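Notes follow the structure.
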Amino acid sequence: MLSVQRTLPGRLFLMTGSLLATLWAVQLVTPLPTVLDIFRKVVKVGFLISVGWLVLRAFLRGQRQWLWAVRRKLILSYVFFGLFPVALMAVLVAVAGLMIYMNVAGYLFLTGYQSTVFDVTRVVETSLVELGPNPADAALILTRRVANLQTIFPGLSMAVFQSDPKGQPEVVLAGSWRHMPAPTALPTWVVNRAQAFRGTIGVVSSLGPAGEMRDQRLVIRVVMASSNGKQFVMADLPVDGDVVGRLFDQTAAHMEGISFTATNPDAVARPSIAPLTWAATHDTESTTIRNLFRRTVVTMDFTDWQTGNPGRAAISIEAPARRLYDRMASLQPTGLGDFRLLLVVLAGLFLVIQIAAVIGGVALARRITSAVHSLFVGTAKIGQGDFTHRIPIGSNDQLGDLAGSFNNMGASIEHLRHIEREKLRLDEELQIARKIQRSLLPATTPSIDGLCIADLCEPALEVGGDYYDFFQLGPRQLGVLVADVSGKGTSAALYMAELKGLVLALSRTHRSPRALLIELNDLLADHLDNRSFITMTYAVIDLDAATLTLARAGHTPMLFCSSGESRVVVPDGMVLGLRLPGAAKRFSDIIKEHRQAIAPGDVVVLYTDGITEAMNLDGDLFGDEALSRVVSANCGLDSSGIRERILRDVRAFVGDAEPHDDMTMVVVKVQAGA
């Protein structure tokens, strides 16, 4: 038994306890002076420390002796399961209820707010229809519309932007426009929009020296254009007391404080500045625990009217959960009392289940511990390297299955070792195949006066299917090949090696890209398997003749840029190596040859589909048009600069998405003096 008097925490416990008892007795007779009251508090802290210290020492000394047995641990765990789940479930229900409350309150408020925006939109639409044949009566029509809607929207203001009979810009106003100065023109971003603007703008009375906003308010604004785009109708509805009251009647949520932030730090959205002509809403109470189910915050977008940048408005709303429930329950046939009775029944059922779980857990403790002991012995054998040891299966339940799984573990470990060795062997083969592929690609770009050449090849896997090469056909003649072999890995590398040898031989006898591809197709059709094919583009650049001759076998187009304008060249052709009846004749009939005059400054880009089909996280493709724009914008750079700009834009577009295909391209620029 722990001797309290012989330990430091025990002495501290006895000393502080005696002092507290003495001070308590004195306090019963007369109030303690200030100094003694402070001393009493210090002694109380020491007493609490000593109690905690003693409890910790007792737990550390007894846990080894009492809790070493698994059976006792299981019994204790089942007791915990019986006491704590009720509290945990209560917390879970409270958190889930809070989340549901916040979402329901926010949904109801935003639905009512969007309904008001829709009503204002309908006002603008009907005004446009009425103004269509009568632009000269704009003032009369708007004034009548505003007057008719005064009982619904007292703060409504409208404006028409059009041209007068002399063709000069004209602004026709109706309504008080008391919430902010009437606009004299529309921002450029509104005029250039393809669709109408239906949204909210933020308004503040002023900005402080540090950018702090005073008196944040919201204004619903809708701007729509006529069918010919020459007439715009604007409607403003300040979210004042009338609109807040209307929203309360619809949603049972009362709008309070507002704060503005920008959704994009690089494009700051600023609210408009206007005099405070109607009371800004404010929080009536601070946020406390008591207000968890009474108040919440919803977010909605607002727009910087001058720039069109999006911003975010955080709106605090006062919407007690009981009020929201009463609003929704009034529409249901079942009363509130039936729902409460259901909760009581569920709580009683939950309590019964918990008690049964504790009793059943204690009864199963002995049975479980015997299986645990067998597992303890078995793990010791496995740790010694004895994979032949087996645990006796004494029951047909999960414990029996666990014993069976343990018996299979020894054989599985050896199997996994075999798989690991096989994986290492395959990795070594892939590394060899990658070295073969790298050896097939050009080590450097050819040096030819009059041509500036840059290349790129980034495989998506260890061994990719993309291939490119250069063939020196003469002092001022160059053959350029870009191909894509179907598949990945070692098979693609082997087909690539065969393709390199064939093209190297055929390029010495065929100066015509079309003739070379036709003969190459005949040779490959006898060697590729039925599931493989090759796409390829072969171009011959002749600086003496100032021409580019191109043939394409089902490959991606060639991009040709001259004088800052890019165009896609897509001569007819089909893939190489198809083993189908009549495929060879069909190939020679379809394939066409394209000849293009070239001049200094012209840029030729040959690439694989890994460039244009690069995909971002949303599944969008980079595309030929984006590639064309990059080349056009950077055609003044040398070929290396153009390659880097293309690669930079592709990577920026892809972002964090994993590459799904090889990326290969060759950029050739004709230089002055060619």
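The values are calculated or read from the model by the stated rules, or taken from the named source; none is laboratory data. Just so we're clear, the structure is a prediction, and the values are computed from it rather than from any experiment. Glycine also receives a Cβ, built like all others from the backbone with ideal geometry; neighbour counts cover every protein chain displayed.
Among what's in segment 9-47 and is modelled with pLDDT of 85 or more and of a type in the set (Ser, Thr, Tyr), pick the residue that is farthest from ARG57 (Cα to Cα). Among them, the one singled out is THR22. Mind listing whichever residues of segment 137-155 are farther than 19 Å from GLY229 by Cβ and assigned to a helix (DSSP H, G or I)? Those that are farther than 19 Å from GLY229 by Cβ and assigned to a helix (DSSP H, G or I): ASP137, ALA139, LEU140, ILE141, LEU142, THR143, ARG144, ARG145, VAL146, ALA147, ASN148. In segment 308-320, the residues that are over 21 Å from GLN250 (Cα atoms) and modelled with pLDDT of 85 or more reach residues that are acidic (Asp, Glu) and surrounded by 20 or more Cβ atoms within 10 Å (Cβ to Cβ) with C-beta atoms within less than 9 angstrom, at least six apart or across chains, in these pairs: PRO310/ASP304; GLY311/ASP304.
Take the residues of segment 570-585 that are surrounded by fewer than 17 Cβ atoms within 10 Å (Cβ to Cβ) and modelled with pLDDT of 90 or more: which is nearest to GLU458 (Cα to Cα)? The extreme case among them is VAL570. Exactly one residue out of VAL117, VAL124 is assigned to a helix (DSSP H, G or I), in contact with a Ser or Thr (Cβ under 9 Å, 6 or more places away or on another chain) and at pLDDT 90 or above, and it is VAL117.
Each row is one residue, and each column tells you yes or no for (1) under 16 Å from ARG221 (Cα atoms); (2) surrounded by fewer than 16 Cβ atoms within 10 Å (Cβ to Cβ).
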| position | (1), (2) |
| --- | --- |
| VAL123 | yes, no |
| THR126 | yes, yes |
| PRO133 | no, yes |
| LEU142 | yes, no |
| THR151 | no, yes |
| ASP164 | no, yes |
| VAL191 | yes, yes |
| GLY202 | yes, no |
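Applying a threshold of 7 Å to beta carbon distances and a minimum spacing of six or more residues, or different chains, the list of pairs starting in segment 400-415 at a residue that is under 13 Å from THR379 (Cα atoms) and ending at one that is assigned to a helix (DSSP H, G or I) and polar (S, T, N, Q) reads ALA403/SER374. In the set (1) out of contact with any Lys or Arg (no Cβ under 7 Å at 6 or more places or on another chain); (2) under 22 Å from GLY474 (Cα atoms); (3) touching a residue at least 24 places away in the same chain (Cβ under 8 Å), the condition left unmet by ALA553 is number (2).
Somewhere in segment 175-198, is a residue in contact (Cβ under 8 Å) with a residue 60 or more places away in the chain, assigned by TED's automatic domain parsing to the domain that holds ILE258 and in a strand (DSSP E or B)? There is at least one residue in segment 175-198 that is in contact (Cβ under 8 Å) with a residue 60 or more places away in the chain, assigned by TED's automatic domain parsing to the domain that holds ILE258 and in a strand (DSSP E or B). Can ALA329 be described as at pLDDT 75 or above, more than 30 Å from ASN408 (Cβ to Cβ) and not acidic (Asp, Glu)? Spelling it out, it is not the case that ALA329 is at pLDDT 75 or above, more than 30 Å from ASN408 (Cβ to Cβ) and not acidic (Asp, Glu). Is it true that GLY636 is more than 21 Å from GLY601 (Cα to Cα) and not aromatic (Phe, Trp, Tyr)? In short, no. Checking each residue in segment 593-619 for being exposed (fewer than 13 other Cβ atoms within 10 Å of the Cβ) and in contact (Cβ under 8 Å) with a residue 12 or more places away in the chain picks out ALA597, ALA599, PRO600, LEU617. Against the criterion of being modelled with pLDDT under 90, in contact with a Leu (Cβ under 9 Å, 6 or more places away or on another chain) and either at negative phi or in the same structural domain as SER227 (by TED's automatic domain parsing) (or both), GLN168 does not qualify. Quick check on ARG214: is it farther than 22 Å from GLN231 by Cβ and either exposed (fewer than 14 other Cβ atoms within 10 Å of the Cβ) or at pLDDT 90 or above (or both)? Taking the combined requirement at face value, the residue satisfies it.
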